[in-house]
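The values are calculated or read from the model by the stated rules, or taken from the named source; none is laboratory data. Bear in mind that the values here come from a model prediction, so they are computed numbers and not experimental data. No Cβ is skipped: glycine too gets one built from the backbone with ideal geometry, and neighbour counts run over all protein chains shown. Side chains included, ligands, DNA and RNA excluded: accessible areas come from the protein's heavy atoms. Shrake-Rupley method; radii C 1.70, N 1.55, O 1.52, S 1.80 Å.
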Amino acid sequence: MVAGVLRALGVEMGERAGLNHEDPKFLGNNIDKLREEIELRNRKYSLWGVKVPQLVTHMGALHEAFVNPHYLFVTRNIGAVSESWMRRSAGDYLGVADRTIEYYGRAVEFLRSVESPAAIVNYERACADKETFVRQVAEFVGLSPDEALQRRASEMITGDGKGYVNLPEHHFAVERLDRTSPWRLGRRVRVQVVVPDVRTDRNQRMVLEKQQDRIIVSSEDGAPFAKRFALSFILDASPSAIHGEKVRLYFDFVGDFFPGHATRPKLVSGVNHLSVESNGKVRRLAIGGTEPIALSISRVQIHELASGGGRVRTPKGYGLANISLLWKWICGACSRTVERFGQAVRGRVARG
């Protein structure tokens with residue numbers, strides 16, 4: 001939330017910072033590389049910032065590399081922090097609480113050891129009085145934003161427990177599209193789908209082992225997608241990938257994909273229809289995993305969406321897809337059973 005306010009006020013927080021406003025270039029434990037990145041930013045920008053909570057464990061070694069650093073230490077109700085992480089399937093309640101307490105302790109210890117300007121932000125109070133908080137943050141970092149910029153920054157604060165907000169220029173939201181959705185299908189967009197050159201498993205699923213292994217979707221003419229569109233495809237993935245929400249949908253606003261501009265939509269193994277909202281500047285989409293994963297994607301369709309028109313019609317051409325996947329699974333299960341039976345028979349013959 002605080003990093004989002006700073007970005008909205010015009011503070012450079014990393015060109016690859018995304019929905020959670022964290023800069024992936026500051027992830028990691030290599031102190032030399034972190035210092036190099038800090039020194040690069042010092043040369044490039046007169047005012048810049050970074051938000052990566054785990055950096056607190058290295059600040060003693062990094063403090064001297066910053067030029068005139070100002071520190072904002074954000075505190076939040078520990079129970080709310082744990083609940084937020086659990087909603088994202090990112091940890092267990094007590095484990096997150098324990099790590100939060102550790103970070104708070106390290107932050108206080110660090111702030112006591114330096115004489116740089118520092119401010120402690122109460123998350124709940126900031127959410128309760130957005131305008132005052134924005135003015136205070138701007139003053140702390142030496143900015144004098146006009147009313148329009150202050151409103152833009154205030155919109156980054158949604159209220160306690162309502163999650164992150166992206167910058168308007170990087171806005172996206174995804175939800176399932178069904179017959180109760182208030183949209184109607186418009187023009188079908190001709191798309192091209194590029195699949196990575198990776199190995200397949202015995203179920204003919206692509207094995208995406210690296211984060212760069214992604215299935216990329218773009219319009220044939222290279223034009224950005226509409227502000228609201230329907231994305232439909234058939235997904236074949238393991239139950240653990242589906243229920244563990246390991247499949248990510250990436251958005252390309254700046255000519256590249258990275259975790260900050262990605263979401264983990266609720267998907268099923270079979271036909272998926274998603275309603276996607278953006279700012280109309282999404283150049284490409286990509287489907288990949290948060291970790292090594294095996295999946296296949298087929299029959300990708302994109303339609304522009306328009307409001308009104310009664311109940312939405314889901315795209316055509318998917319009627320027998322779920323039956324086809326079920327049949328594929330049954331055939332695969334039968335094949336594996338026969339294979340295991342054959343191995344058992346061969347083992348007995350060998351012993352006899």
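Identify all residues within region 20-64 that are outside any strand (DSSP E or B), among the aromatic types (Phe, Trp, Tyr) and more than 19 Å from residue 110 (Cα to Cα); write none if there are none.
Quick first cut of region 20-64, residues outside any strand (DSSP E or B) only: 20-47, 49-64.
From the residues that got through so far, the ones that are among the aromatic types (Phe, Trp, Tyr) too are 26, 45.
Residue satisfying the conditions is 45 alone.
Every residue in region 1-18 that is out of contact with any helix residue (DSSP H, G or I) (no Cβ under 6 Å at 6 or more places or on another chain) and part of a loop (DSSP other than H, G, I, E, B), please.
Taking region 1-18 first, the residues out of contact with any helix residue (DSSP H, G or I) (no Cβ under 6 Å at 6 or more places or on another chain) are 1-4, 6-7, 10-12, 14-15.
Scanning region 1-18 gives 1, 10, 11, 14, 15.
Looking at residue 93 and the list (1) open to solvent by 80 Å² or more (accessible area, probe 1.4 Å); (2) touching a residue at least 24 places away in the same chain (Cβ under 8 Å), which single condition is not satisfied?
Only one criterion is unmet by residue 93, namely (2).
Quick check on my filter: what residues within region 180-199 are open to solvent by 70 Å² or more (accessible area, probe 1.4 Å), more than 16 Å from residue 300 (Cα to Cα) and in a strand (DSSP E or B)?
184
Being of a type in the set (Ser, Thr, Tyr) and modelled with pLDDT under 90 is the filter here; which residues of region 1-56 pass it?
Taking region 1-56 and keeping what is of a type in the set (Ser, Thr, Tyr), we get 45-46.
Correct list: empty.
Provide a single number: the residues in region 109-127 that are without any contact (Cβ under 8 Å) to a residue 12 or more places away in the chain and either outside any loop (DSSP other than H, G, I, E, B) or at positive phi (or both).
Looking only at that region, the number is 3.
Could you tell me whether any residue of region 65-86 is closer than 29 Å to residue 252 by Cβ, touching a residue at least 24 places away in the same chain (Cβ under 8 Å) and part of a helix (DSSP H, G or I)?
Taking region 65-86 and keeping what is closer than 29 Å to residue 252 by Cβ, we get 84-85.
Restricting the remaining residues to those that are touching a residue at least 24 places away in the same chain (Cβ under 8 Å) gives 84.
Retained after the next criterion (residues that are part of a helix (DSSP H, G or I)): 84.
Checked region 65-86: at least one residue is closer than 29 Å to residue 252 by Cβ, touching a residue at least 24 places away in the same chain (Cβ under 8 Å) and part of a helix (DSSP H, G or I).
Confirm whether residue 247 is among the aliphatic types (A, V, I, L, M) and either open to solvent by 20 Å² or more (accessible area, probe 1.4 Å) or in contact (Cβ under 8 Å) with a residue 60 or more places away in the chain (or both). Break it down into steps so the answer makes sense when it comes.
Working: among the aliphatic types (A, V, I, L, M): yes; either open to solvent by 20 Å² or more (accessible area, probe 1.4 Å) or in contact (Cβ under 8 Å) with a residue 60 or more places away in the chain (or both): no.
No; evaluated as a whole, the condition is false for this residue.
Listed here are the residues, each with its yes/no results for (1) of a type outside the set (Val, Ile, Thr); (2) part of a strand (DSSP E or B).
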{"residue": "203", "(1), (2)": "yes, no"}
{"residue": "213", "(1), (2)": "yes, no"}
{"residue": "231", "(1), (2)": "yes, yes"}
{"residue": "234", "(1), (2)": "no, yes"}
{"residue": "240", "(1), (2)": "yes, no"}
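Can you pull out the residues in region 118-134 that are out of contact with any strand residue (DSSP E or B) (no Cβ under 7 Å at 6 or more places or on another chain) and either surrounded by fewer than 16 Cβ atoms within 10 Å (Cβ to Cβ) or among the polar types (S, T, N, Q) (or both)?
Taking region 118-134 first, the residues out of contact with any strand residue (DSSP E or B) (no Cβ under 7 Å at 6 or more places or on another chain) are 124-134.
If the condition is that a residue be out of contact with any strand residue (DSSP E or B) (no Cβ under 7 Å at 6 or more places or on another chain) and either surrounded by fewer than 16 Cβ atoms within 10 Å (Cβ to Cβ) or among the polar types (S, T, N, Q) (or both), then 124, 125, 128, 129, 131, 132 are the ones that fit.
Could you check region 51-83 and list, in sequence order, the residues that are closer than 20 Å to residue 25 by Cα and among the aliphatic types (A, V, I, L, M)?
Result: 52, 55, 56, 59, 61, 62, 65, 67, 72.
Starting from region 181-198, keep only residues that are more than 18 Å from residue 226 (Cα to Cα), then list their pairs with residues that are assigned to a loop (DSSP other than H, G, I, E, B) and open to solvent by 80 Å² or more (accessible area, probe 1.4 Å) whose Cβ atoms are within a distance under 9 Å, requiring at least 6 positions of separation or different chains.
Listed by first residue and then by second, the contacts come to 196/210; 196/212; 198/209; 198/210.
Within region 264-303, which residues are at pLDDT below 90, under 18 Å from the mean Cα position of the chain (by Cα) and open to solvent by 40 Å² or more (accessible area, probe 1.4 Å)?
264, 266, 290, 291, 292
Mind listing whichever residues of region 136-179 are within 14 Å of residue 277 (Cα to Cα), modelled with pLDDT of 80 or more and either part of a loop (DSSP other than H, G, I, E, B) or open to solvent by less than 60 Å² (accessible area, probe 1.4 Å) (or both)?
If the condition is that a residue be within 14 Å of residue 277 (Cα to Cα), modelled with pLDDT of 80 or more and either part of a loop (DSSP other than H, G, I, E, B) or open to solvent by less than 60 Å² (accessible area, probe 1.4 Å) (or both), then 170, 171, 172, 173, 174, 177 are the ones that fit.
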